[in-house]
Amino acid sequence: MGALRNLGEAISRWNNPFCDPRTRRAALFAIVAIGALLRVTMCFVGYPHQLHADEMNVIEPAVEMIERGSYLSYVYFHPDHFQIKICAFLFNAYSLLRYGADAAAVGAIPAFYVIARLVTAVCGIAMIPVAHCLLERIKRGTGVFAAFSVAFFPAYITHSGYASPDVPLSLVILVLIYLGVRHLERGGIGTVVAMGVATAIGMTTKYPAAICCFYVAGIIVVEGFRTRSAKEIALRILLVAAVAFVCLFAISPNLVTDLPSVLASLRNEARTVHLGADGLGFFGNLWFYATGLFSIPDATYNDTPYTSLESIVFLAAGIALLARRKARYLIPFSLCLLLWVCLSVFGLHWLRWGLPMYAGPLVLMGLGLYAAVAASATLLGRTPAAPDGARRSRGGLFAFGGIAIALLAAVFSLNALASSVALAKSAVVPQTRVEALAYCEENGITPQNSAFDGYTPFNLRLAGSAADSFADAASLETAENEGIDYIVISSYMYERYDPSNPDHMDAIRFYSTVRSECELVGEWKATEIEQTPFGLVNLMAKIGYLAAPANECLAGPDIAIYRISE
């Protein structure tokens, strides 16, 4: 306890340069600029090809809305309605300026996909100053560290380049945490109304945001518990509910009027079977989302690998510091715990679903990073006041502690930066599916003479199995495979099959048969970045990847083309 007390004193005595407004603004500007560049770069992965499955759920409904000349979107997948309507406006504006016709006349062109991705990227960029404002409100001079933590979280950079609802919802969650902190400070009606608006936007973006209703009610109760009557608290809850309902209806009336379609979509999202994303159960999902924040040790579906186990230390330090100084402000961060439980109830699990719940912990990591920098700077600045042996020994301990903390902070920060830049590089290097498609076109390999997986040259963005082209996939020799000369497989598909699952054995045998009995004619492997639990090793691996010439690197799933033997 004495050591912790000394560390706390060291942090409090640090002369923080970011308390100076000019220094703080300059640092924030640099972080936002670099974060924006990385996110915008991700919007052009594979252009003009579409490589991500969920994007059609935003782009095509937006074009269809324009085609009907309607304000309503009749798709209910996530539901994505707020995003769809913004995109519909932007598509039409672009189409009228570029082609002199509305978006319905030109269809879902590649430029619309980039525009929709840029909408997501703008949300990802906006998270950076919001994180800054949130932590700056809690403790002056710390906002820059939260901005850094959010700006260079690899999963946010990856998914800021997709036209999907996860990053926009992450922005909404961060705004709600900020508003929660502000409401605990001031308790004004303005923040009540703002929380209602943000909740409505969240619910029209993605269904799990409905949990925010309970969060907002809880914030109002906590703020008013000692200072307001029960009647006033109840009236404020009714006000925020009314604001949320009115805004929800204004943004998307049919989410209210067409409840059967909404419930049908919710039942679909709550299904328990999806290849590669099922079978963990509630506690398995809890663990999946928790570990997703800290580490992806191997390349997984749609994600470049990163490992940041050191961030556990900074998260713990941030929570401890906030609990020691302003424990009440931990309450707004509980929204992320609510989301964690809510997401884990669903039968399926995807890393991108967890992005909104990571917003709060990343801000707390920023606070922990501040604590580490402050502690190391103060400890390293201490010198013994007299040439006394005991004082020299104590000074040596201070210096050792300061260096150790500084190295840990440096590894964490540099690993985040290197991972982020590596992601940007993976967006501009050749994509395996596109390269394989060019090979197929040059060598007479077509969808008609091939059996192919999803996420391959002939099915760039959707799941699918080459085995479905055969009546008996294990033999590859049935009447139904007449005319099939090639089999194209993708790691985004075959890595989803679990050898321990009996239901997957047929598919695993199919891939084994293909590899053993067919001739390999072409293979494209994504450049591997070796990962370990140790940040320093991972940092070196990222630097090695960044040093490699871009034209010698590939990104995406591993693709292999086999010729069926005669």
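Miscellaneous remarks
- Checking residue 335 against (1) among the aliphatic types (A, V, I, L, M); (2) farther than 12 Å from residue 177 by Cβ; (3) crowded, with 24+ Cβ neighbours inside 10 Å, the condition it does not meet: (2)
- Selected residue [surrounded by fewer than 17 Cβ atoms within 10 Å (Cβ to Cβ) and closer than 22 Å to residue 333 by Cβ] from 236, 226: 226
- Test: residue in region 189-206 that is over 26 Å from residue 122 (Cα atoms) and part of a helix (DSSP H, G or I): yes
- Positions within region 258-281 being open to solvent by 80 Å² or more (accessible area, probe 1.4 Å) and assigned to a helix (DSSP H, G or I), in sequence order: 259, 260, 263, 267
To keep it simple, each residue is scored yes or no on (1) more than 14 Å from residue 174 (Cβ to Cβ); (2) touching a helix residue (DSSP H, G or I) at 6+ places or on another chain (Cβ under 7 Å).
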| position | (1), (2) |
| --- | --- |
| 331 | yes, yes |
| 339 | no, yes |
| 347 | yes, no |
| 353 | yes, yes |
| 361 | no, yes |
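- Scanning region 441-467 for residues that are under 23 Å from residue 507 (Cβ atoms) and assigned to a helix (DSSP H, G or I), we see that the one that is most open to solvent (accessible area, probe 1.4 Å) is 467.
- Some residue of region 481-494 being open to solvent by less than 50 Å² (accessible area, probe 1.4 Å), in a loop (DSSP other than H, G, I, E, B) and without any contact (Cβ under 8 Å) to a residue 12 or more places away in the chain: no
- Test: residue in region 137-145 that is under 30 Å from residue 332 (Cα atoms), among the β-branched types (Val, Ile, Thr) and outside any helix (DSSP H, G or I): yes
- Region 172-225, residues that are of a type in the set (Lys, Arg) and within 24 Å of the chain's Cα centre (by Cα): 206
- Scoring residue 188 on the criteria (1) in contact (Cβ under 8 Å) with a residue 12 or more places away in the chain; (2) farther than 25 Å from residue 53 by Cα; (3) open to solvent by 10 Å² or more (accessible area, probe 1.4 Å); (4) not aromatic (Phe, Trp, Tyr) leaves a single failure, condition (1).
- Residue tally, condition open to solvent by 30 Å² or more (accessible area, probe 1.4 Å) and either modelled with pLDDT under 95 or out of contact with any Phe, Trp or Tyr (no Cβ under 7 Å at 6 or more places or on another chain) (or both), over region 191-204: 4
- Of all the residues in region 239-257, those that are closer than 21 Å to residue 75 by Cα and open to solvent by 50 Å² or more (accessible area, probe 1.4 Å) number 5.
- Within the option set 536, 520, being surrounded by fewer than 13 Cβ atoms within 10 Å (Cβ to Cβ), hydrophobic (A, V, I, L, M, F, W, C) and either in contact with a Lys or Arg (Cβ under 6 Å, 6 or more places away or on another chain) or outside any loop (DSSP other than H, G, I, E, B) (or both) holds for one residue only, 520.
- Residue pairs meeting the criteria (Cβ under 6 Å; at least 6 apart or on separate chains; first more than 15 Å from residue 486 (Cα to Cα), in region 445-472; second of a type in the set (Ser, Thr, Tyr)): 455/490; 455/492; 471/478; 472/478
- Pairs are defined by a Cβ separation below 6 Å, a sequence spacing of at least 6 or placement on different chains, a first member in region 128-149 that is more than 14 Å from residue 23 (Cβ to Cβ), and a second member that is assigned to a loop (DSSP other than H, G, I, E, B) and open to solvent by less than 20 Å² (accessible area, probe 1.4 Å); the pairs so defined are 135/142.
- Region 539-563, subset among the charged types (D, E, K, R) and surrounded by fewer than 16 Cβ atoms within 10 Å (Cβ to Cβ), residue farthest from residue 521 (Cα to Cα): 552
- Test: residue in region 150-157 that is buried (at least 24 other Cβ atoms within 10 Å of the Cβ) and touching a Gly at 6+ places or on another chain (Cβ under 6 Å): yes
- Members of region 98-110 found to be over 22 Å from residue 42 (Cα atoms), assigned to a helix (DSSP H, G or I) and touching a residue at least 12 places away in the same chain (Cβ under 8 Å), listed by number: 98, 103, 104
- From the options 133, 212, residue that is open to solvent by 30 Å² or more (accessible area, probe 1.4 Å), in a helix (DSSP H, G or I) and touching a Gly at 6+ places or on another chain (Cβ under 7 Å): 133
Here is a yes/no grid of residues against (1) buried (at least 18 other Cβ atoms within 10 Å of the Cβ); (2) assigned to a helix (DSSP H, G or I); (3) touching a residue at least 40 places away in the same chain (Cβ under 8 Å); (4) touching a Gly at 6+ places or on another chain (Cβ under 6 Å):
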site: 41; (1), (2), (3), (4): yes, yes, yes, no
site: 54; (1), (2), (3), (4): yes, yes, yes, no
site: 63; (1), (2), (3), (4): yes, yes, yes, no
site: 76; (1), (2), (3), (4): yes, no, yes, no
site: 82; (1), (2), (3), (4): yes, yes, yes, no
site: 89; (1), (2), (3), (4): no, yes, no, no
site: 96; (1), (2), (3), (4): no, yes, no, no
site: 112; (1), (2), (3), (4): yes, yes, yes, no
site: 124; (1), (2), (3), (4): yes, yes, yes, no
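- Selected residue (only one of 125, 157, 115 is within 28 Å of residue 265 (Cβ to Cβ) and within 20 Å of the chain's Cα centre (by Cα)): 115
- Hey, residue 505 more than 30 Å from residue 158 (Cβ to Cβ) and outside any loop (DSSP other than H, G, I, E, B) or not: yes
The values are calculated or read from the model by the stated rules, or taken from the named source; none is laboratory data. Bear in mind the structure is a predicted one, so any value in this text is a computation, not a measurement. A quick note on method: Cβ atoms are made from the backbone with ideal geometry, for glycine too, and the neighbour counts reach across all protein chains shown. Heads up: the accessible areas ignore ligands, DNA and RNA and are worked out on the full protein's heavy atoms, side chains in. Shrake-Rupley method; radii C 1.70, N 1.55, O 1.52, S 1.80 Å.
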